[in-house]
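The structure appears below as structure tokens.
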Amino acid sequence: MRGVRRVIHCDSAQQFSSSERTSVTLLRTTVLIAIFAVVVSLSPLAAQNVHTQDMDRSVKPGDDFYRFANGAWLKVTTAPAGQPNYGTSAMLIEKTGERVRNLVQESATVGAAQGTITQKVGDYYAAFMGEEGIEARGLKPLADEMARISAISNKTSLSAYLGTTLDSEVDGLTNNADHIFGVWVNQSFDDSQHYVFHLLQGGLSLPDRDAYLDPSPKMAALRSQYQARIAAILKLAEIADSETRAARILALEISIAQAHAPDADAADVFKQNNPWKRADFSVKAPGIDWNAYFESAGVFGLPQFIVWQPSAVTGTSALVGSESIDVWKDYLRFHLIEHYASVLPKAVAAILSDAQPPPDRSIGAIAATNGALGHAVGQLYTQRYFPPEAKAKAQAMVADLVTAYRARIANLTWMSAETKKKALAKLDALSIGVGYPDTWIDYSTLEVVRGDAFGNMRRAEAFNRLRNLAKLRQPADPAEWRIDPQAVGAVIVFSPNSEFFSAGILQPPYFDSQGDTASNYGSAGAGIAHEISHSFDELGNIYDSQGRLGHWWTAEDSAKYHAAGSKLVTHFDKYCPFPDLCVNGKQVLVENIADLAGLLVAHDAYVLSLKGRTDPVIGGLTGEQRFFLAFAQRWRKVQDEPALRRQIATDTHPPGEYRSDTVRNVEAWYKAYGVVPGDKLYLQPEDRVRIW
């Protein structure tokens, strides 16, 4: 994955999770979940909080450390019906989701003072839940916008209208904006001091480009179903000849898809780095009246842009010039209704959704409120569940991890002396945010009205748009927060050089500010250290200390790195959960190296945190034993066979059972558990992997 952003997911069977493309999410920051931790430990007096109850002490740790750590838990845990995977991470998502739900619903009932974040959160939710009022208004809230579309009469007015749809919906990970183009305001790939306008492809409703172009019967059926939905929406809006118009809209989207860059290009950041000057658009992408487009988009005076997919900009612009104005107007009418489906009558969502019966509306209301007022909900969440002392404790752990990394980098054998200097400079510049931002988004200018769900969404979109465009007049800030604090997740932004771990992920069972230090460092610490390592490995070596593009490894560094990693490939090739299926060591190598780096660095940091003291024994386990126990317990999961097979076939992360075996490369683990030759996990010293 060479994208500029990397979002971390708790489920090792899936690196990325794509949310449904609904209008309830204003910010397309894909909230995914970090892969670390599992152990809850509250105090030296509460041994059960080190999860000794989940161990199977009948298993010899040197033979099967995963089942030694998790055996009792695995015996009693089953996945809920319909879920192929289930683990402590899923439990945390449920727990945190319930907390957020309670906070939002409570805000809707307390009668908070006008203008406060509690009032805005509560009224946004209440308006979304006001189905009776939404049904009564029908499609009337769209009347003004429909009139603007009807008034389009030529290519200039079409271009101007398309400019008004340019929203800040794209975050450097999504490869298809909700409108024909999307914008992400971020530093450029070559200049770390200034924000720049990143323009990305968009305009498609089906999941991806292949859904439009794949000739297979399955995809053809999907397109037919989509065309029928378009026709049904047009008919609902009392637009005549809906069947013919739907066919033309689908044909237009197929043409847009043909211009889109394939997914493989979206994963290669060097193909995304295409600086265009303002004057280049008319020359490289004729068709759109770019003066009208950029003026209505509010960025007429910008001198430079980064065009991620030039073929999409050129091809879509050509379609504006060549296709019928009437077809474009029908396309815009349909997508306007689709975009606001969540705040329109239920009949709209019923046409667009496969869900039968429809989901609980409160789920969408919570998501919409989070999307519109993420930092406001985050303030309410952290005030109750992540106090300043928890943030301070997490920051102290991160400081120990950075100190440990500094020592490790200085002693690496596969990096040249010059490369080490660059790595240390990058480590010094790395911005790591934990918990929540020091400065929250100011929502004082955003009006939220109870009883006006459509208006609230429109105003929130406008607020978000103006806020993002305003950043273009400010110096780039590597510490700008990229994830809502209440999200159970973390994100790495390679450009700039920053990482963020939310309050939602820094809680039991991942991290406990009042708990056992050894368990915290073995779980959350190893997970954070894993992610930090990506800034210095194959993923991060193309970004310098300021997040600018440019390889900083030498060819010799790369050769030595891969030679050292070859032993891990061999280890994982031998892990075979089924007689006919083994893990592909090459496929999972990058993540396995990061696991090893994270474990080693977290152990160093744990030792640093003790400051020479001896950690007490808890539940019959020394601090060293609890550290490694926490590492193994963070991977526990029950998983059905099809899901496991799918993971091994497609994922860059191996199954958790084998990730826990990373310990067999760490000398301290052998000492902690007395692992000796003859034990099944024992590796001869010369066979242990030495990378970090």
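The values are calculated or read from the model by the stated rules, or taken from the named source; none is laboratory data. This is a predicted model, so every value here is computed, not measured. All Cβ positions, even for glycine, are placed from backbone atoms using ideal geometry, and neighbour counts span all protein chains on display. All accessible areas refer to the heavy atoms of the entire protein, side chains included, with ligands and DNA or RNA removed. Shrake-Rupley method; radii C 1.70, N 1.55, O 1.52, S 1.80 Å.
Looking at Asp679, Asp661, which one is outside any helix (DSSP H, G or I) and open to solvent by less than 20 Å² (accessible area, probe 1.4 Å)? First the steps, then the outcome.
On the way: Asp661 fails: outside any helix (DSSP H, G or I).
The conditions single out Asp679.
Take the residues of the stretch 34-89 that are surrounded by fewer than 21 Cβ atoms within 10 Å (Cβ to Cβ) and at pLDDT below 85: which is nearest to the chain's Cα centre (by Cα)?
Among them, the one singled out is Leu42.
Go through the stretch 257-279 residue by residue and tally those that are modelled with pLDDT of 95 or more, open to solvent by 50 Å² or more (accessible area, probe 1.4 Å) and not in a loop (DSSP other than H, G, I, E, B).
3
What number of residues within the stretch 448-491 are part of a loop (DSSP other than H, G, I, E, B) and under 24 Å from the mean Cα position of the chain (by Cα)?
Total meeting the criteria: 14.
Restricting to the stretch 536-564, name every residue that is farther than 23 Å from Asp477 by Cβ and outside any loop (DSSP other than H, G, I, E, B).
Answer for the stretch 536-564, where residues must be farther than 23 Å from Asp477 by Cβ and outside any loop (DSSP other than H, G, I, E, B): Ala555, Glu556, Asp557, Ser558, Ala559, Lys560, Tyr561, His562, Ala563, Ala564.
Is it the case that Phe627 is more than 22 Å from Val583 (Cβ to Cβ), in contact (Cβ under 8 Å) with a residue 12 or more places away in the chain and either more than 24 Å from the chain's Cα centre (by Cα) or in a helix (DSSP H, G or I) (or both)?
yes
So that you can scan it fast, the table gives a plain yes or no per residue for (1) modelled with pLDDT of 95 or more; (2) of a type outside the set (Val, Ile, Thr):
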| site | (1), (2) |
| --- | --- |
| Gln647 | yes, yes |
| Pro654 | yes, yes |
| Ser660 | yes, yes |
| Val663 | yes, no |
| Val675 | yes, no |
| Asp679 | yes, yes |
| Tyr682 | yes, yes |
| Arg690 | no, yes |
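Return the residue satisfying two criteria in turn: it lies in the stretch 618-632 and is modelled with pLDDT of 95 or more and out of contact with any Gly (no Cβ under 8 Å at 6 or more places or on another chain), and of such residues it is nearest to Gly515 (Cα to Cα).
Gly623
State which residue pairs qualify: first residue over 14 Å from Ala220 (Cα atoms) and inside the stretch 242-257, second residue assigned to a helix (DSSP H, G or I) and at pLDDT below 95 in any location, beta carbons under 7 Å apart, and separation of 6 or more residues or different chains.
Taking only residues 6 or more apart or on different chains, the pairs are Ala257/Arg209.
Would you mind finding the one in Ile288, Ile306, Ile325 that is among the hydrophobic types (A, V, I, L, M, F, W, C), touching a His at 6+ places or on another chain (Cβ under 6 Å) and open to solvent by less than 40 Å² (accessible area, probe 1.4 Å)?
Residue meeting the stated conditions: Ile306.
Out of (1) open to solvent by less than 50 Å² (accessible area, probe 1.4 Å); (2) touching a Leu at 6+ places or on another chain (Cβ under 7 Å); (3) in contact (Cβ under 8 Å) with a residue 40 or more places away in the chain; (4) more than 26 Å from Ala112 (Cα to Cα), what's the single condition that is false for Thr403?
Thr403 satisfies all of (1) open to solvent by less than 50 Å² (accessible area, probe 1.4 Å); (2) touching a Leu at 6+ places or on another chain (Cβ under 7 Å); (3) in contact (Cβ under 8 Å) with a residue 40 or more places away in the chain; (4) more than 26 Å from Ala112 (Cα to Cα) except (1).
Select, from Ser216, Ser282, Ser317, the only residue that is open to solvent by 40 Å² or more (accessible area, probe 1.4 Å) and polar (S, T, N, Q).
Details: Ser216 fails: open to solvent by 40 Å² or more (accessible area, probe 1.4 Å); Ser317 fails: open to solvent by 40 Å² or more (accessible area, probe 1.4 Å).
Residue meeting the stated conditions: Ser282.
Give just the number: which of (1) without any contact (Cβ under 8 Å) to a residue 40 or more places away in the chain; (2) part of a helix (DSSP H, G or I) does Pro215 not satisfy?
Of (1) without any contact (Cβ under 8 Å) to a residue 40 or more places away in the chain; (2) part of a helix (DSSP H, G or I), only one is false for Pro215: (2).
Does at least one position in the stretch 605-618 carry a residue that is under 25 Å from Pro80 (Cα atoms), out of contact with any strand residue (DSSP E or B) (no Cβ under 8 Å at 6 or more places or on another chain), of a type in the set (A, V, I, L, M) and part of a helix (DSSP H, G or I)?
No, every residue in the stretch 605-618 fails to be under 25 Å from Pro80 (Cα atoms), out of contact with any strand residue (DSSP E or B) (no Cβ under 8 Å at 6 or more places or on another chain), of a type in the set (A, V, I, L, M) and part of a helix (DSSP H, G or I).
Among the residues of the stretch 162-179, is any in a helix (DSSP H, G or I), over 30 Å from Ile542 (Cα atoms) and not β-branched (Val, Ile, Thr)?
yes
Can you spot a residue in the stretch 607-626 that is open to solvent by less than 20 Å² (accessible area, probe 1.4 Å), touching a His at 6+ places or on another chain (Cβ under 9 Å) and either of a type in the set (Gly, Ala, Ser) or at positive phi (or both)?
no
Being touching a Gly at 6+ places or on another chain (Cβ under 7 Å) and either of a type outside the set (S, T, N, Q) or within 21 Å of Thr77 (Cβ to Cβ) (or both), is that true of even one residue in the stretch 595-602? Please lay out each step first, then the result.
Looking only at the stretch 595-602, we keep the residues that are touching a Gly at 6+ places or on another chain (Cβ under 7 Å), and these are 598, 602.
Subsequent filtering for residues that are either of a type outside the set (S, T, N, Q) or within 21 Å of Thr77 (Cβ to Cβ) (or both) retains 598, 602.
Checked the stretch 595-602: at least one residue is touching a Gly at 6+ places or on another chain (Cβ under 7 Å) and either of a type outside the set (S, T, N, Q) or within 21 Å of Thr77 (Cβ to Cβ) (or both).
Does Tyr575 meet the test of being in contact with a Gly (Cβ under 9 Å, 6 or more places away or on another chain), open to solvent by less than 30 Å² (accessible area, probe 1.4 Å), part of a loop (DSSP other than H, G, I, E, B) and not aliphatic (A, V, I, L, M)?
The answer is yes for Tyr575.
Which of the following residues is open to solvent by 20 Å² or more (accessible area, probe 1.4 Å) and either under 30 Å from Val607 (Cβ atoms) or touching a helix residue (DSSP H, G or I) at 6+ places or on another chain (Cβ under 8 Å) (or both): Leu427, Leu352?
Leu352
Within the stretch 104-127, count every residue that is assigned to a helix (DSSP H, G or I) and either open to solvent by less than 10 Å² (accessible area, probe 1.4 Å) or not hydrophobic (A, V, I, L, M, F, W, C) (or both).
Selection size over the stretch 104-127: 13.
Which residues, counting only those in the stretch 627-642, are surrounded by 17 or more Cβ atoms within 10 Å (Cβ to Cβ) and either closer than 20 Å to Asp400 by Cβ or out of contact with any strand residue (DSSP E or B) (no Cβ under 9 Å at 6 or more places or on another chain) (or both)?
Phe627, Phe628, Leu629, Ala630, Phe631, Ala632, Gln633, Arg634, listed by residue number.
Under 23 Å from the mean Cα position of the chain (by Cα), under 30 Å from Asn291 (Cβ atoms) and crowded, with 20+ Cβ neighbours inside 10 Å - does that describe any residue in the stretch 148-167?
yes
Restricting to the stretch 539-567, give me the number of residues that are over 29 Å from Asp428 (Cα atoms) and either in contact (Cβ under 8 Å) with a residue 12 or more places away in the chain or open to solvent by less than 20 Å² (accessible area, probe 1.4 Å) (or both).
Total satisfying the criteria: 1.
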